[in-house]
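S.K.: Pasting a structure below so you can have a look.
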Amino acid sequence: MKLYAPKYYEDFKCIADKCTHSCCIGWEIDVDDTAMLKYEKSKHYYAKKVLESIENSDTPHFKLSCEDRCPHLDSKGLCKIIINMGEEYLCDICREHPRFYNFTNYGKEMGIGMSCPEACRIILNSDDYNELDVIARGIGDTYRIDYDALIDREKIYSILKSDRGFNDKLNKICSEYQIDLKGISEKAYLDCIDSLEYLNNEHISLFFEFSIDATVSEKNEKYLERALAYFIYRHCTESMDFEDFKISLSFCVFCVLLLASLIQNNKDVYECARVISEEIEYNTDNIEKIKELFY
Ligand code: SF4
């Protein structure tokens, strides 16, 4: 089986101490069994500190500081596990973030998540979202399902790549896939936004700016197109059938309309996209609550 990634993936590199929203702050970081075994077996003096910093609950994780920082993040924003022991001692979640993986009938696809500011910058500036590179081979067996979501994904990408304005593209996609987001009341959207779980409660009032009729200015069209392509790549690819694809596509359109709503008053597009990703995409309950609007 081959591993594919969008062409822009080759531009990604963690910017560590230059990162404005480090993934080592604000998230619970789980320690996998393999990493735990490495820490237990290591004779390195820092391994003892790592073991002391782990909360041994059902899912072992690093005890965050009162400012929600990973205990191994130094004052310069660098990882003390890497500095002291080397990258091979990172747990899976730290090594992999912000990468995500999906299976298709043709192999495995990976991408980078928009909650990472550097990934977000690359995604919102890359027009080659429809081009994939093979980045590894022989990584296991492919599996096949009858429905091939990649055919529909390609159809949508060709609409996104066409020579129309963003609103036209969105209308065409919605009409081809019989998606009627305007058929849902504004109250239902706001109730749903209110019911989500938030990492930062200030984002509730931000998301309340959602409007189904958000105005899209010319300067934002390309950002919204690339964001929609990213959401579709991430959330529609593993659809089990056409209905499942349509629900996931509705979810993606909702996310891009939320982004359009937030940036219509000149808010920073990168920060808004990052916040939407961090608050929604990394919480499966939030994804499900939004999808329930479209069932
Ligand atoms: S959020 Fe991205 S750029 Fe920032 S520290 Fe994490 S992986 Fe690196």
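S.K.: Pick from Tyr189, Tyr101: which is touching a strand residue (DSSP E or B) at 6+ places or on another chain (Cβ under 6 Å) and under 21 Å from Asp285 (Cα atoms)?
M.R.: Only one candidate passes the filter, namely Tyr101.
S.K.: Evaluate the stretch 68-89: report whether one residue or more is more than 30 Å from Arg226 (Cβ to Cβ) and among the polar types (S, T, N, Q).
M.R.: yes
S.K.: Within the stretch 129-144, can you find the residues that are within 18 Å of the chain's Cα centre (by Cα) and outside any strand (DSSP E or B)?
M.R.: Of the residues in the stretch 129-144, the ones within 18 Å of the chain's Cα centre (by Cα) are 129-130, 132.
Selection gives Tyr129, Asn130.
S.K.: Tell me the helices (runs of 4 or more DSSP H) entirely within the stretch 3-86 that contain at least 2 residues that are polar (S, T, N, Q) and either more than 18 Å from Arg274 (Cβ to Cβ) or over 26 Å from the mean Cα position of the chain (by Cα) (or both).
M.R.: none
S.K.: Just to be sure I understand, how many residues within the stretch 5-31 are near the ligand (Cβ under 9 Å from one of its atoms) and either open to solvent by 70 Å² or more (accessible area, probe 1.4 Å) or under 27 Å from Asp133 (Cα atoms) (or both)?
M.R.: 11
S.K.: Separate question: Which number in (1) more than 30 Å from Thr104 (Cβ to Cβ); (2) surrounded by fewer than 16 Cβ atoms within 10 Å (Cβ to Cβ); (3) away from the ligand (no atom under 12 Å from the Cβ) marks the one condition that His72 misses?
M.R.: Looking at each condition in turn, His72 falls short on (2).
S.K.: Using the structure shown, decide if Tyr147 is open to solvent by 50 Å² or more (accessible area, probe 1.4 Å) and either outside any loop (DSSP other than H, G, I, E, B) or in contact (Cβ under 8 Å) with a residue 60 or more places away in the chain (or both). Give the steps one after another, and end with the answer.
M.R.: Working: open to solvent by 50 Å² or more (accessible area, probe 1.4 Å): no; either outside any loop (DSSP other than H, G, I, E, B) or in contact (Cβ under 8 Å) with a residue 60 or more places away in the chain (or both): yes.
Here the answer is no, as Tyr147 does not meet what is asked.
S.K.: Now for a different question. Which residue is farthest from the ligand (Cβ to nearest atom), if the candidates are limited to the stretch 97-121 and must be more than 20 Å from Asp30 (Cα to Cα) and small (Gly, Ala, Ser)?
M.R.: In this case the residue turns out to be Gly107.
S.K.: Among the numbered criteria (1) within 14 Å of the ligand (Cβ to nearest atom); (2) over 24 Å from the mean Cα position of the chain (by Cα), which single criterion is violated by Cys94?
M.R.: (2)
S.K.: Could you check, for the stretch 65-76, whether at least one of its residues is touching a helix residue (DSSP H, G or I) at 6+ places or on another chain (Cβ under 7 Å) and farther than 16 Å from Ala35 by Cα?
M.R.: The answer is yes; a qualifying residue exists.
S.K.: Considering only the stretch 186-210, state which residues are at pLDDT below 95 and closer than 24 Å to Phe166 by Cβ.
M.R.: Glu186
S.K.: Here are some residues: Thr34, Thr59. Which one is modelled with pLDDT of 95 or more and open to solvent by 60 Å² or more (accessible area, probe 1.4 Å)?
M.R.: Thr34
S.K.: While we're on this one: Output the residues belonging to the stretch 150-172 that are charged (D, E, K, R), under 18 Å from Tyr4 (Cβ atoms) and without any contact (Cβ under 8 Å) to a residue 40 or more places away in the chain.
M.R.: Glu154
S.K.: How many of the residues in the stretch 242-279 are open to solvent by 30 Å² or more (accessible area, probe 1.4 Å), at pLDDT 95 or above and touching an Asp or Glu at 6+ places or on another chain (Cβ under 8 Å)?
M.R.: Of the residues in the stretch 242-279, 1 are open to solvent by 30 Å² or more (accessible area, probe 1.4 Å), at pLDDT 95 or above and touching an Asp or Glu at 6+ places or on another chain (Cβ under 8 Å).
S.K.: Taking interchain pairs and intrachain pairs at least six residues apart, which have beta carbon atoms under 6 angstrom, with the first residue in the stretch 12-24 and within 20 Å of Met110 (Cα to Cα) and in contact (Cβ under 8 Å) with a residue 40 or more places away in the chain and the second within 6 Å of the ligand (Cβ to nearest atom) and not in a helix (DSSP H, G or I)?
M.R.: Cys23/His97
S.K.: For Met110, are the conditions met, namely being farther than 13 Å from Asp11 by Cβ, part of a loop (DSSP other than H, G, I, E, B), modelled with pLDDT of 95 or more and open to solvent by less than 40 Å² (accessible area, probe 1.4 Å)? Don't jump to the end; show me each part of the working.
M.R.: On the way: farther than 13 Å from Asp11 by Cβ: yes; part of a loop (DSSP other than H, G, I, E, B): no; modelled with pLDDT of 95 or more: yes; open to solvent by less than 40 Å² (accessible area, probe 1.4 Å): yes.
No.
The values are calculated or read from the model by the stated rules, or taken from the named source; none is laboratory data. Model, not experiment: these values are computed from the prediction. Heads up, the Cβs are rebuilt from the backbone with ideal geometry, glycines too, and the neighbour counts pull from every protein chain shown. Just the protein is used for accessible areas: all its heavy atoms, side chains included, with ligands, DNA and RNA removed. Shrake-Rupley method; radii C 1.70, N 1.55, O 1.52, S 1.80 Å.
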